[in-house]
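I have placed the structure first, in the form of structure tokens, so that the comments after it can refer back to it.
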Amino acid sequence: MAAESGSGGRVDTYGHCDPRFSRVREAFDAHFADGEELGAAFAVFLDGEPVVDLWGGVADRRDGRAWKRDTPVLAYSCTKAVTATAAQLLAERGLLDVAAPVADVWPEFARRGKERVTVEQLLTHQVGLPVIEEEVPVEEFEDQAAIADRLAGQEPIWEPGTAHGYHALTYGFLVGEVIRRVSGKSVSEIVATEISGPLDLELWVGAPDEVAARAARLSAGDRPSPPDEPADPSEPSGAELPGQGPGDPVHEMARAALDRDSLMNRALGNPPIHRLRGGANNPVVLRAGWPAMGAVTTARGLAGFYRDLVAGRIVRPETLRTATRRRVNGPDRVLFVDSSFGLGYMRPAMTFLTPARGAESAFGHTGMGGSLGLGDAEHGLGMAYTMNRMAGAASGALRAYRLAEAVYESLPRTRAAR
């Protein structure tokens, strides 16, 4: 099909959509017609069967390369749910106790008030280490153990366990080091040998050269860039910010995005990916396999991961139920708006917008710029949205939300007990 682009051209979209899910295709095409997309893909499995597999647009704005069925792209923090699953695999085998202190498997971590920090607190963003205080040199980008050692030497910003705040990048180095200490393998190796490989998923935490070479190139959209100088919180920004004004969480999140020195931007800015040519498109980032944001995947591959997860093919159903139970919920110290987490999985909240039918059953993770991975065992769903036109927190989430909403609206109103 072809969607009339809001920029004046026509964008071809391709793939399969079960007639029951026709409104999903309408929503997907509308994003291109309205000029919200450059290239994108969306895939849905229902009870293990593929019901939506759509793609279209441009994979690389520079040369006009088309987005194809097997075009992978960096999915940013959608990775965190994959890393959480690697941890659950080890816990299920009795190799990792999430209730135990991190220091039991990583003795060097027991410094500067972190002696009692548990693995669960790492997985639920409660440890108080959302920022790497010293800038990580580019030469260290592919040495995850060295980055983790930096965090082991830091003092938490808040008392661990008393609050939660999104550990945008540090989550991966912390949880990844625990996984390495327990298993002797990196998250990349566990995903390749125990998840993606056996299940034949187009999902890599750390892309091989051949995958990186054909990956879609991320492009700037309406995602704001922090100014060169720190913002003065007492002065108006000059921009029309969303929300109800100072004190409103949405407003404060938007203001923080414009402040170079905000906790949110500090959490997102180190390791300093911007120092690499092409930023997150640089091969160093694509192959590094950072466990918080290093997944390179197709929408079909990420949706297939959730299909297999809810079907019990990766961990046992009871393991998944325990891991997705809400552990923290409420105002996020880093993002301001409410967030909610199980053991590494997002649960429905402002940071993980979910239609009402999935409000108690959906889990997964969003990715910066707009990507989404979502599982729902109650409804038999695995879905994923990938794209390369980066967007801000609000507008990016809305693209994924509209697609998820169309999926849930297409489900039968009643469903046999599972």
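Derivation of every value follows stated rules applied to the coordinates shown; laboratory data play no part. This structure is a prediction, so every number in the text was calculated from the model and none was measured. FYI the Cβ positions are ideal-geometry reconstructions off the backbone, even for glycines, and counts take in every protein chain you see.
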Checklist outcome for this item: In whole Hz, the Karplus estimates of ³J(HN,Hα) for the stretch 65-72 (6.51, -1.76, 1.60; θ = phi - 60°; x where Gly or Pro) are 4, 6, 6, 10, 4, 9, 6, x
Checklist entry - Between ASP209 and THR162, what FRET efficiency follows from the Cβ-Cβ distance if R0 is 51 Å, with the result rounded to 0.05? => result 0.70
Checklist entry - Put +1 on the Cβ of every Lys and Arg and -1 on every Asp and Glu Cβ in the chain; which of GLY165, TYR408, ALA27 then has its Cα farthest towards the positive end of the dipole? => result TYR408
Checklist outcome for this item: Convex hull around the C-alpha positions of the chain: the volume in Å³ per residue is 136 Å³
Checklist outcome for this item: Residue span ARG62 to ALA220: 0.36 nm per residue of separation minus Cα-Cα distance leaves a gain in nm of 55.6 nm
Checklist entry - Fewest first, what order do PHE21, PHE305 take by the number of other Cβ atoms within 10 Å? => result PHE21, PHE305
Item to check | Expected 222 nm ellipticity per residue - DSSP helices of 4 or more, -39500 (n - 2.57), all of the chain, to 500 | outcome: -8500 deg cm²/dmol
Checklist entry - Expressed as a rounded percentage, what relative contact order does the stretch 1-151 have, with Cα pairs under 8 Å and six or more residues apart? => result 13 percent
Next on the checklist: 5 Å is the cut-off here: which amide hydrogens, built 1.01 Å from N in the peptide plane, fall below it relative to GLY369, excluding neighbours closer than 5 in sequence?
Outcome noted: ALA391
Checklist entry - Sequence-distant or interchain residues sharing an amide H contact under 5 Å with GLY221, placed H: which? => result MET390
Item to check | Relative contact order of the chain, defined on C-alpha pairs under 8 angstrom at six or more residues apart (%) | outcome: 23 percent
Checklist entry - Given R₀ = 30 Å, FRET efficiency for ARG260-VAL138 by Cβ-Cβ distance, to 0.05? => result 0.95
Checklist entry - What would the Debye formula give as log10 I(q)/I(0) at q = 0.11, 0.14 Å⁻¹ for the alpha-carbon point model of the stretch 20-168, no solvent? => result -0.68, -0.88
Checklist entry - What's the long-distance tail for the stretch 267-394, i.e. % of Cα pairs beyond 17 Å? => result 62 percent
Checklist entry - Label-point separation (nm) for ASP200 and HIS274, each offset 7 Å from Cα along Cα-to-Cβ? => result 4.4 nm
Item to check | Residue-wise HN-Hα coupling along the stretch 192-203, computed from phi with Karplus coefficients 6.51, -1.76, 1.60 (Hz; x: Gly, Pro) | outcome: 5, 8, 10, 10, 5, x, x, 9, 6, 9, 7, 8
Item to check | Length added when fully stretched, ALA100-ALA359, from 0.36 nm per residue minus Cα-Cα | outcome: 90.2 nm
Next on the checklist: Can you work out the Karplus-derived ³J(HN,Hα) for every residue in the stretch 112-126? Use 6.51 cos²θ - 1.76 cosθ + 1.60 with θ = phi - 60°, whole Hz, and x for glycine or proline.
Outcome noted: 6, x, 10, 4, 9, 4, 9, 4, 4, 5, 5, 5, 10, 6, 9
Checklist entry - Using modelled amide H (1.01 Å from N, peptide plane; none on Pro or chain starts), what sits under 5 Å from the amide H of ALA40, excluding residues fewer than 5 places away? => result GLY56, VAL58
Item to check | Net dipole in debye of the stretch 62-213 [+1 Lys, Arg Cβ; -1 Asp, Glu Cβ; about Cα centre; nearest 20] | outcome: 380 debye
Item to check | Rough spin-label spacing in nm, given labels placed 7 Å along Cα→Cβ, for GLU49 and ARG316 | outcome: 3.0 nm
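Assuming R0 = 56 Å, can you tell me the calculated FRET efficiency for the pair ARG10 and ASN329, based on Cβ-Cβ distance, to the nearest 0.05?
With a Förster radius of 56 Å, E is 0.80.
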Checklist entry - Going by how many other beta carbons lie within 10 Å of each one, how would you line up SER262, SER410, SER77, fewest first? => result SER410, SER262, SER77
